[in-house]
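Reviewing the structure listed below.
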Amino acid sequence: MRVTSSWITSSAATRLMSMFSNAGEEAFFVGGCVRNSLMNVPVSDLDVSTSVRPERVMELAKACGFNAIPTGIEHGTVTVVADGEPFEITTFRKDVETDGRRAVVVFSDRLEDDAHRRDFTMNALYARADGTIVDPLVGLPDLLARRVRFIDDANQRIREDYLRILRFFRFHAWYGDDDAGLDPEGLAACAQNIEGLSNLSKERVGAELIKLLSASEPERAVAAMDHAGVLNALLPGASTKAFFLLTSFEHSVDPIVRLAALGRFDVAKILRLSKQQGRQYEALRTYAEGAETIREIAYREGKKMAWDVAALRAAFFEQPLDASLSAEIEKAAKAKFPVSAQDLMADFSGPALGTMLRDLERAWIESGFRLTYGELMKKAGRDGSV
């Protein structure tokens, strides 16, 4: 079996791998680019694994006219840019010490050592320059069966880095076979090592959770997380009831909306999301729990926020979405309030001006945006003339 995707035959990939072969060295594509290509999933990052030490990689790259960046040279990683394409090149490594967050590694000359320190069998697949698969741990059958399985002992893999608990569920959400279910040994190991999650940085946990919730159909993975106790270890008080309903109501996949369906949390404290994500989450929960109509939300915040809040409310109250919602949201999102502060300045000023403007806007929204300029001015005690 071999990788036949276009990226592996590109000029950049060909030139990069020739850099190693011309020097009498071996290098392999590894990880996500190999896994995703074999699963017909888009490839984003191109990673290369080699026995060549990072300083030598830098020398070879510069000799070929490539830009070499020591992005993580102390850990064996150099980013080489060939024909504008970045490749992350890492020397074979093996762990000598771990604390559940970081590993002390030494360089190795053996591909097998490098494979054994990875997390899942489907991530320990390598490809030569011509696309030929090298499978030192027999992970190809797991990949073809869409089975996310830890390499060697699941408990040991997790204790090397407790983030692998979340990665186990995230990888199932993206690549696993829901009909076959999650790997029992892996699931049991995740449940047995929950306490290790407290050792992780909130940023890493938040980033991994968002990736999981970005999958098109994460329900089975989230249900397994809940059953294993992992979900509440991360999000105390989380409930999946509204989450499962939301996935049938949602207008588009948005991990922050799905997070909002799981409960009310101090996301800034427990997940350290970006400021934008935090604001979105707070707005969603506030609107979903508030009394504003969907038309007002669409008018003030736009179509997406209105649809997201409507889906959340439908999930919270276990009610179907109104069939007229689409037309209502479209109309509200395009509506333009016909009265300005300048129109009222002849009769109002200061706080009274602001109050009247807000009252008129409220009446206009409640009318379904039907009140005209003249009708609104009459409400303000004017005859409507300009």
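We did not get these values from a lab; they are worked out from the coordinates using the rules stated. This one's a predicted model, so the numbers in the text were calculated from it and none came from an experiment. All Cβ positions, glycine included, derive from the backbone under ideal geometry; neighbour counts span all protein chains shown.
Would you calculate a helix-derived [θ] at 222 nm for the chain, using -39,500 (n - 2.57) for each DSSP H run of n ≥ 4 and dividing by the full residue count, to the nearest 500?
One gets -14000 deg cm²/dmol as the mean residue ellipticity at 222 nm.
How many Lys pairs in the chain lie less than 15 angstrom apart by Cα atoms, where the lysines are 8 or more positions apart or on different chains?
8
Could you give the dipole magnitude of segment 235-335 about its Cα centre, charging the beta-carbon of Lys and Arg +1 and that of Asp and Glu -1, in debye to the nearest 20?
360
How much net charge surrounds THR247 when only other residues with a Cβ under 9 Å from its Cβ are counted (Lys, Arg +1; Asp, Glu -1)?
-2
Net charge near ARG264, counting Lys/Arg +1 and Asp/Glu -1 over other residues with Cβ under 11 Å of its Cβ?
-2
For the chain, with only Lys/Arg (+1) and Asp/Glu (-1) charged at the beta-carbon, what is the dipole magnitude about the Cα centre, in debye rounded to 20?
It works out to roughly 860 debye.
Please report TRP364, TRP7 as a ranked list, fewest other C-beta atoms within 10 angstrom at the top and most at the bottom.
TRP7, TRP364
Using only the Cα atoms of segment 238-386, each taken as one equal point scatterer with no solvent, compute I(q) by the Debye sum, divide by I(0), and report log10 of the ratio at q = 0.20 Å⁻¹.
Here the Debye-derived log intensity ratios amount to -1.11.
Highest GNM mean-square fluctuation, the chain, Cα pairs closer than 10 Å: which of PHE243, PHE317, PHE150?
Answer for the Gaussian network model of the chain: PHE317.
For VAL34, what is the net charge nearby, where nearby means another residue's Cβ is under 14 Å from its Cβ and Lys, Arg count +1, Asp, Glu -1?
Net local charge, VAL34 excluded: -3.
Check each of the trypsin sites (Lys or Arg not before Pro) in segment 33-136 and keep only those in coil by DSSP with at most 13 other C-beta atoms within 10 angstrom; list them in order.
Those satisfying the criteria are ARG102, ARG110.
Which residue fluctuates the most in the chain, going by a Gaussian network model with Cα springs under 10 Å, if the choices are ASP226, ASP347, ASP114?
ASP347
Kirkwood hydrodynamic radius (Cα pairs, Å) of segment 1-144?
15.3
Based on the inverse mean of 1/r over its pairs of different Cα atoms, what is the Kirkwood hydrodynamic radius of the chain, in Å?
One over the average 1/r among Cα pairs gives 24.5 Å for the chain.
Could you let me know the centre-to-centre spacing of segment 32-78 and segment 332-356, using Cα atoms, in angstrom?
Result: 60 Å between the Cα centres.
To the nearest Å, what is the center-to-center distance of segment 108-148 and segment 7-27, using C-alpha atoms only?
Each part's Cα centre sits 19 Å from the other's.
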